[in-house]
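What follows draws every value from the coordinates through simple rules; no lab data is involved. Bear in mind the structure is a predicted one, so any value in this text is a computation, not a measurement. No Cβ is skipped: glycine too gets one built from the backbone with ideal geometry, and neighbour counts run over all protein chains shown.
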Amino acid sequence: MSYNVKIIKMLPLILFFSIVLVLGLVLYQVKYDLKDTKELKSQLIGKSIPLISIPEINYDKKINKNINFNDFKNNIFAVNFFASWCAPCRIEAPVVEELSKFIPVIGIAYKDNAEDNKKFLNDYGNPYDKIGLDNLGKVAIEWGVYGVPETFLINRNGIIIYRHAGPLLYDVYKTDILPLLE
Amino acid sequence: MIPEIGHILLIITFVSSFIQSIFWIITLGSRNTVNLIILQKFAVTNFILISSSFSILLYSFIISDFSLLIVTNNSHSLKPLIYKISGLWGNHEGSLMLWTLILTFFTYLISRNKSQISFKLLSSILGVQTIILFSFLAFILFTSNPFERLETPPIDGKGLNPLLQDPGLAFHPPILYLGYVGLSVSFSFAVAALITGEINQIWARQIRPWITIAWSALTLGIALGSWWAYYELGWGGWWFWDPVENASFMPWLIATALLHSVRLLETRLILVSWTVLLAILGFSFSLLGTFIVRSGLLTSVHAFATDPSRGIFILIILTIATGVPLILYAIRSSDLYTEKKIEFSVFSKETALLINNLFLSTATLTILIGTLYPLFLDAFNGEKISIGPAYYNATFAPIMAPVILIMAIAPFLNWGTKINNNFSKKILFIIFITVLGALVLSMIKGATLFSIVCGSLSIWLFSGVLINFISQTKLNNLKKGEFRSWLNQLINNNLGMHIAHLGVAVFLAGITGEQFFKTEINGRKNIGDIIKIGDRSLKFDDVKFESGPNYKSEMAIFTLSKNNNLIDTLKPEKRFYPVQQTQTTEAAILSEFFGDTYLVLGDGNKEIGWSVRLYYNPLVSWIWGGACLMALGGIISIFRNRKTKPNIIIRNTI
């Protein structure tokens, strides 16, 4: 058995290993980047509330009016995107209830209709001070909502200070939200 | 309990494939035929074990067993049965199961090979296949176990990505895998040839059907994916040079080059080590594609599970599976076969096939650069760029043009030095038809230089294929008579090749129509509006809100008519899937032989109207029609009977 190695025959090998080397490097970086992107950061943090009017659902009086955020000025309050068709919203309902004991919570019904929404609130409780309707999903886009449920905290100056995507669970509530309220 | 059996079967196969690989390595130098028989038996058992395990997973999907994580994530009890089944391979873990199933099936088929192939070569092929099986099983068991249970099973599943609920896509992955795994077979042939030092015309004859199967499956798989992108995604295009598309296109190009180089090897015994290299690279590119799609480097509809730890595993498999053969190649390929100096003229099949290989591999390289460069740039200085059609139009298209030019002529060139008698006559005929066609093309409204070039290439190829087909079939005095013997004669007279080349011509015609003569109308339209397309008119009739089985839909109704005669009703739709929180666009498409009317509904309401996009794409369905013809040609050529006896050259160096 004789070995007869020519440089030209090594070429594919050399090229291949350089590609693999770089791919490994890229992968290494992606692995570290992923850790940072796990938490969805909102572009809106540190900015004021988006200027989009939200029609209010009012079950008692049939008056069409928009939610006025000025009603909550000088108060910390929360904005919670939810929907009657959304299963995780049912899970977070008791936590939102708990939160509403400390600060006002505005609910925004995302792609929902008033009737289903009413039934949902009857079944799972109504922790909201006001409920807005976003049946086209336009408000959600303005607020950069990724999916329901999603919760925002707004400080006394009307600046968004916190955003949580996904159901608001007790541990998130305890570790993230309560310290902010204090 | 049942899923655990499936898991145990996988573990058993994993352990036994390890033992089998060791067995093969130990018996490598042995001249005892019993070893081959043992390896053949192993191939059968592996196939039985994996198909049982696969069936169990399939069963869990059919009965919607939500205690399995994979079923919960990818299925839903309300889904139609076909999508429950396709849910199995619509995800990372399940697709790997399908991959190994096809791998063991192919290995089983090779093990039954009863031709003149030597037992040493055959055992090495089986051995390499077993090692591939082993590494994929390790990948499945350690990073992507499909039988993972949930502690608290949910009441219902999370459904499949709604974009993936489409018949075109249900079959896109399995067919593509047939192609990828088919390339693993030619890879094993190449590695076995490097190990045993045995490469000859029998080798070429045996590898060819596998390359052809892989190539046809890749063609069909890519076409299905592109068809799905066109009909489902609503972007109005059919190919986007997306890295994921490129990942399947590169193995296809390599397979195409391999298909032609193996022909040279089979008849003339040249390009031996080049063919071996291509066979190795074909599978490497498949693995590279897998890596790009599944490592989390990219995010797109294709990106399955973006998990870097899986990426590392695939990178390791890729490194070993390509690195070791390439080392072997560097050491051994010069010893493989000392090519005799053969003589051939400039106008010979040899030249044509060499040019074909040169250009196809260069084309692959341009795509490789275009695909990897943005990744590298991102890694080194965080700069994000995207390489789009402009790059590929400037690099890939000009490289492929000569391939098309030669493709029309090559089949009627002779081997060696003897120039075909009627060569100049045939060439003149083709030129005549092409010039005529180009003149007609240049009279079409909106024709540009590129459209004429592209269209002329298609006509050039059409006439080339036609004259080839006629002359070759006449030459052999086609006997009329029984249908089957008549068909066999046709097949043996390169019917498959003619059809595949015709497919390329049809495909090019489709591209010419779609790229250069399409009309696009964008605008905000309200109910009652009328849009003119040529001599037809499209009227916006109504918008309806409906709910489907697992989605809510907003559907517009348009009527298309010509001179007040109704042609068809078009209903573009926007669907919202609440479970996944995703919205999809269902374009309304009226597909006709000479073109598609393609309508997409955007956002809007009754006050301001809806944004509407309308395309008229001439000849667009020819693109997929052409691809189907190519695949059909490939399948036909598998049935070709090659009677001529090969010169047997066997060199045993171990």
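What longest range of chain A stays clear of loop-exposed chymotrypsin sites (Phe, Trp or Tyr not before Pro) (DSSP non-H/G/I/E/B, at most 15 other C-beta within 10 angstrom)?
Numbers: sites that count: A:3, A:59, A:102, A:146.
Longest run free of exposed loop sites: A:4-58.
Please work out the Cα center distance from region B:92-155 to region B:1-78, rounded to the nearest Å.
Using only Cα atoms to place each centre, the spacing works out to 7 Å.
Which of the three applies to chain B, rounded, prolate or oblate, going by the alpha-carbon gyration tensor with a ≥ b ≥ c and a/c under 1.5 meaning rounded?
Values: a/c = 1.99, a/b = 1.13, b/c = 1.76.
It comes out oblate by the Cα gyration axes.
Find the relative contact order for region B:519-618 and round it to a whole percent, using C-alpha pairs within less than 8 Å whose residues are 6+ positions apart. Before the final figure, lay out each step's value.
Values: 229 pairs, mean separation 25.8, N = 100.
Averaging sequence separation for qualifying contacts and normalising by length gives 26 percent for region B:519-618.
Using a 10 Å cut-off around each Cβ, can you sort B:332, B:536 from fewest to most neighbouring Cβ atoms?
Values: B:332 23, B:536 15.
Lowest count first: B:536, B:332.
Which whole-Hz ³J(HN,Hα) couplings does region B:400-413 yield from phi under the Karplus relation 6.51 cos²θ - 1.76 cosθ + 1.60, θ = phi - 60°, glycine and proline marked x?
7, 4, x, 4, 5, 4, 6, 4, 6, 8, 3, x, 9, 7
Picking from A:164, A:151, A:74, whose Cα lies most toward the positive end of the charge dipole for region A:56-181 (charges on Cβ: Lys, Arg +1; Asp, Glu -1)?
A:74
Could you run the Karplus curve 6.51 cos²θ - 1.76 cosθ + 1.60 with θ = phi - 60° over region B:170-182 and give me ³J(HN,Hα) per residue in whole Hz, x for Gly and Pro?
4, 9, 5, x, x, 5, 4, 5, 3, x, 4, 5, x
At a Cα cut-off below 20 Å, give the aspartates and glutamates reachable from residue A:119, other chains included and same-chain residues fewer than 8 away excluded.
Cross-link targets: A:56, A:60, A:92, A:97, A:129, A:134.
Please label the shape of region B:331-469 as rounded, prolate or oblate, based on the square roots a ≥ b ≥ c of the eigenvalues of the alpha-carbon gyration tensor (a/c under 1.5 means rounded; beyond that, a/b larger than b/c means prolate, else oblate).
Details: a/c = 4.65, a/b = 1.16, b/c = 4.01.
It is oblate, given that a/c is not under 1.5 and a/b is not larger than b/c.
Could you line up A:51, B:405, B:318 from fewest to most neighbouring Cβ atoms inside 10 Å? All intermediate terms of the calculation are to be shown ahead of the outcome.
Values: A:51 7, B:405 15, B:318 21.
If I rank by nearby Cβ atoms, fewest first, I get A:51, B:405, B:318.
As I understand it, the dipole of the protein assembly as shown uses +1 on the Cβ of Lys and Arg and -1 on the Cβ of Asp and Glu, about the Cα centre. Which of B:408, B:248, B:420 lies farthest toward its positive end?
Positive-most Cα among the choices belongs to B:420.
When the helices in chain A are scored as -39500 (n - 2.57) per DSSP H run of 4 or longer and the sum is shared across all residues, what 222 nm value do you end up with, to the nearest 500 deg cm²/dmol? Please list the in-between numbers first.
Details: 5 runs with 64 residues, N = 182.
Computed ellipticity for chain A at 222 nm equals -11000 deg cm²/dmol.
Cα gyration tensor of region B:1-164, axes a ≥ b ≥ c as square roots of the eigenvalues: rounded (a/c below 1.5), prolate (a/b > b/c) or oblate?
Numbers: a/c = 3.18, a/b = 2.42, b/c = 1.32.
Here region B:1-164 falls in the prolate category.
Checking the cross-link filter: which aspartates and glutamates have an alpha carbon closer than 13 Å to that of residue B:552, excluding same-chain neighbours under 8 positions apart?
Residue B:552 reaches A:112, B:573, B:586.
Taking +1 at the Cβ of each Lys and Arg and -1 at the Cβ of each Asp and Glu, which of B:183, B:538, B:618 sits farthest along the dipole of the protein assembly as shown towards its positive end, judged by Cα position relative to the Cα centre?
B:183
For a Förster distance of 56 Å, can you work out the FRET efficiency between the beta-carbons of residue B:335 and residue B:484, rounded to the nearest 0.05?
Working: r = 45 Å, r/R0 = 0.81.
So, using R0 = 56 Å, E works out to roughly 0.80.
Of A:22, A:96, A:148, which is the most mobile in a GNM of chain A whose springs link Cα atoms less than 10 angstrom apart?
Highest fluctuation among the options: A:22.
For a quick check: sort B:97, B:407 by the number of other beta carbons within 10 angstrom, fewest at the front. Intermediate results must be reported in sequence, preceding the final value.
Details: B:97 25, B:407 22.
With the sparsest Cβ surroundings first, the list reads B:407, B:97.
Given +1 on the Cβ of Lys and Arg, -1 on the Cβ of Asp and Glu, and no further charges, what dipole in debye does chain B carry about its Cα centre, rounded to the nearest 20? Don't skip to the answer; put the middle values down first.
Values: 47 positive and 35 negative charges, 523 e Å.
Magnitude of the dipole: close to 2520 debye.
Quick one: putting +1 on the C-beta of Lys and Arg, -1 on the C-beta of Asp and Glu, what dipole do you get for the protein assembly as shown around its Cα centre, in Debye to the nearest 20? Could you put the intermediate results ahead of the total?
Working: 68 positive and 55 negative charges, 709 e Å.
That gives a dipole near 3400 debye.
Could you size up the charge dipole of region B:1-164 around its Cα centre, putting +1 on the beta carbon of Lys and Arg and -1 on that of Asp and Glu, and report it in debye to the nearest 20?
Details: 9 positive and 6 negative charges, 148 e Å.
Rounded to the nearest 20 debye, it is 700 debye.
Loop-only trypsin sites (Lys or Arg not before Pro) in region B:424-454, please: DSSP not H, G, I, E or B, and at most 14 other Cβ atoms within 10 Å. Show your work: numbers first, answer last.
Working: sites: B:425, B:426, B:445; in loops: B:445.
Here the trypsin sites (Lys or Arg not before Pro) that fit, given the DSSP loop and packing criteria, are B:445.
Using Cα pairs under 8 angstrom and six or more residues apart, how large is the relative contact order of chain B, in percent? Intermediate values should be presented prior to the final figure.
Details: 1093 pairs, mean separation 81.6, N = 654.
Over chain B, the number comes to 12 percent.
Quick check on chain B: helices-only [θ] at 222 nm, where DSSP H runs of length 4 and up contribute -39,500 (n - 2.57) each and the sum goes over total residues. Nearest 500, please.
On the way: 19 runs with 401 residues, N = 654.
The helix-only estimate for chain B comes to -21500 deg cm²/dmol at 222 nm.
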